[in-house]
Amino acid sequence: MIYLVGCASAQAPFVPAADRGEGLPEDLDGLLALVDQLQSDRGANHADLDRSLAAIEAAQGRGLGAPFELHWREARGASLLGRALSDAKQRQTFIARALQAGRLAVEAEPERVEGHYFLAVALAFDAENSQELERIAPLVEQAERALSLGEAYDEAGPLRLLGKIYLEAPEWPTSIGDKERAVELLARAVEVSPTAMNHYFLGEALYHDEQLSESYASFTAALAKSGRGRLEKPWRALAEEYLEEIGLAGYRGGAP
């Protein structure tokens with residue numbers, strides 16, 4: 001599941017492991033299973049994500065599989081790794097790789113959601129990295145295309161992505177920022193996939209739209225999720241901070 005918030009931690013430049021491509025499965029199914037496992041693991045570290053890219057490179061080098069199935073996974077993995085790195089040059093290198101792979105996926109299968117979605121994710125990280133407003137329009141175009149092809153994909157990922165764009169972009173006339181639209185999209189994300197993270201992002205949008213009692217309820221719902229779907233520690237801390245702020249404003253799950 002892709003989340004479009006958070007900052008890369010301060011650390012030394014990433015050095016790929018010398019054995020990143022050793023011991024990989026020989027067959028396509030095994031390679032893709034490894035890629036999906038590593039890229040979907042919320043606890044994956046830099047080396048794990050880089051190994052997933054090594055598995056894709058192995059499949060490509062052996063001429064295995066349809067290019068589309070490799071391209072969209074490459075876009076996903078390169079985006080995740082690029083976004084996590086602290087070194088600016090390395091970040092941009094992996095984001096550029098994700099953009100290229102995403103575009104190739106879209107060209108290969110323009111009616112499949114994965115290519116448009118992970119190209120949009122890469123464009124989002126690129127826009128965030130560059131802080132250039134003109135990069136928002138192509139990002140929205142791809143995100144809307146992904147939404148039209150599969151709003152439920154990646155636990156309502158297209159809805160979550162568009163909601164975050166409208167929440168975080170500068171408002172008119174500078175850009176397309178629109179808190180009400182963000183709330184609408186993220187509320188739909190919760191309807192489609194009521195995960196803790198979707199509740200969290202809806203709570204965030206409601207907070208910034210000054211719907212504090214509704215925001216309180218959404219953050220509370222996010223914190224109530226248990227098991228594998230529970231909020232991880234950093235997100236729990238942020239949700240609790242929002243609840244504290246809402247409480248200080250006099251809202252505690254109802255009217256002030």
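The set of residues from segment 47-74 being within 24 Å of the chain's Cα centre (by Cα) and either of a type in the set (A, V, I, L, M, F, W, C) or at pLDDT below 95 (or both) comprises ALA47, LEU49, LEU53, ALA54, ALA55, ILE56, PHE68, LEU70, TRP72. Looking across ARG97, ARG76, one residue alone is basic (Lys, Arg) and either surrounded by fewer than 24 Cβ atoms within 10 Å (Cβ to Cβ) or outside any helix (DSSP H, G or I) (or both). It is ARG97. Of all the listed residues (PRO170, PRO158), the sole one being at pLDDT below 95 and either in contact with a strand residue (DSSP E or B) (Cβ under 8 Å, 6 or more places away or on another chain) or outside the structural domain of ASP41 (by TED's automatic domain parsing) (or both) is PRO170.
Can you confirm whether SER148 is surrounded by fewer than 16 Cβ atoms within 10 Å (Cβ to Cβ), modelled with pLDDT under 95 and either among the small types (Gly, Ala, Ser) or not assigned by TED's automatic domain parsing to the domain that holds SER79 (or both)? The answer is no for SER148.
Within segment 138-164, how many residues turn out to be closer than 21 Å to ALA101 by Cβ and of a type outside the set (D, E, K, R)? Looking only at that region, the number is 13.
The listed residues are GLY82, GLY163, GLY102, and the only one of them that is in a helix (DSSP H, G or I), touching a helix residue (DSSP H, G or I) at 6+ places or on another chain (Cβ under 7 Å), buried (at least 24 other Cβ atoms within 10 Å of the Cβ) and not assigned by TED's automatic domain parsing to the domain that holds ALA66 turns out to be GLY163. Within segment 130-155, if we keep just the residues that are over 17 Å from TYR166 (Cβ atoms) and not in a helix (DSSP H, G or I), the residue that is nearest to the chain's Cα centre (by Cα) turns out to be ALA152. Within segment 22-46, the residues that satisfy the criterion of being in contact with an Asp or Glu (Cβ under 8 Å, 6 or more places away or on another chain) and at pLDDT 95 or above are LEU32, LEU38.
In this structure, GLU184 qualifies as surrounded by fewer than 22 Cβ atoms within 10 Å (Cβ to Cβ) and either assigned to a helix (DSSP H, G or I) or among the aromatic types (Phe, Trp, Tyr) (or both).
Step by step: first the residues of segment 203-256, then only those that are outside any helix (DSSP H, G or I) and of a type in the set (A, V, I, L, M), then the one that is surrounded by the fewest Cβ atoms within 10 Å (Cβ to Cβ). Which residue is that? Ranking the qualifying residues of segment 203-256, first place goes to ALA255.
Among the residues making up segment 25-52, those that are hydrophobic (A, V, I, L, M, F, W, C), without any contact (Cβ under 8 Å) to a residue 40 or more places away in the chain and either surrounded by fewer than 18 Cβ atoms within 10 Å (Cβ to Cβ) or not in a loop (DSSP other than H, G, I, E, B) (or both) are LEU28, LEU31, ALA33, LEU34, LEU38, ALA47, LEU49.
The values are calculated or read from the model by the stated rules, or taken from the named source; none is laboratory data. Here the structure is a predicted model, which means the values were calculated and not measured. In this analysis, Cβ positions are derived from the backbone assuming ideal geometry, glycine residues included, and neighbour counts consider all displayed protein chains.
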